[in-house]
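Written out below as structure tokens is the structure these notes cover.
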């Protein structure tokens, strides 16, 4: 893994009275896969959207490859960042009215409409579908696909852009164990083959341990721990232990929760 490519420094973000981040510090190295974990609602997806300028920060800085994203006011500057960073949405976000091929090509038309020929776009679409193990399905419709196949087509659309960074937002949510393993294997295989930098957001510990070089845990608006899989497995932090092992905190009164 190389030098730091992405750095969040003392980032603060709130929505109304809800404080999401209160001093977030996180560095992502070029070429690594880092998984950001935490309970539902702690702001994992917010972190991704702040990186590409979809959400502003209230305080602090986000730097991508030496450029401070948090100071970019010109949409052209943000567009240049977004061309290098691809976002895989949680629900695949396919357009039902378009064929699979047109779905995969959609981002290419948006970002490279004046630079790629029709033949080049078709080639990129075919290559991307082959990378995710779905060659030759360009004419199918999203309605003809299983949930796992939709996720893979969403990943193909991301790969067609040939990004430097991929942001995976809950890539295995809603999938059965076999398709979850298939997506995990794809993330790892693509990383080995293309040497991309990846940020994976998930609360699935199986995915986190399967695909990551390092892991980061969010708790109370900050990063509670950043480290290797072994460091997480051997952590003595009660919050991290409970999260990894899927246990409710021992102090939680289940009877009172049921009563309410």
> Which residue, 184, 80, 22, has the most motion in a Gaussian network model of the chain that connects Cα atoms within less than 10 Å?
Replying inline: 80
> Which angle between 0 and 90 degrees, to the nearest 10, do you get for helix 100-112 versus the longest principal axis of the chain when only C-alpha atoms count?
Replying inline: 90
> For residue 84 and residue 213, FRET efficiency with R0 = 30 Å and r from the beta-carbon atoms, rounded to 0.05?
Replying inline: 0.90
> To the nearest whole percent, what portion of all C-alpha pairs in the stretch 8-80 is separated by more than 21 angstrom?
Replying inline: 25
> Applying 1/(1 + (r/R0)^6) with R0 = 45 Å to the Cβ-Cβ distance of residue 236 and residue 162, what FRET efficiency is obtained, to the nearest 0.05?
Replying inline: 0.60
> Could you give the length gained on full extension between residue 143 and residue 113, defined as 0.36 nm per residue of separation minus the Cα-Cα distance, in nm?
Replying inline: 8.1 nm
> Can you list the equivalent-ellipsoid semi-axes of the chain, largest first and in whole Å, using the square root of 5 times each Cα gyration tensor eigenvalue?
Replying inline: 32, 23, 17
> Could you state the per residue volume, in Å³, of the convex hull enclosing the Cα atoms of the stretch 54-164?
Replying inline: 121
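Assuming R0 = 41 Å, what is the FRET efficiency of residue 181 and residue 123, from their Cβ-Cβ distance, to the nearest 0.05? Could you put the intermediate results ahead of the total?
Values: r = 30 Å, r/R0 = 0.73.
For R0 = 41 Å, the calculated efficiency reads 0.85.
Throughout, read-outs are computed from the coordinates displayed, never taken from laboratory work. Since the model is a prediction, treat every value here as computed from it, not as a measurement. Heads up, the Cβs are rebuilt from the backbone with ideal geometry, glycines too, and the neighbour counts pull from every protein chain shown.
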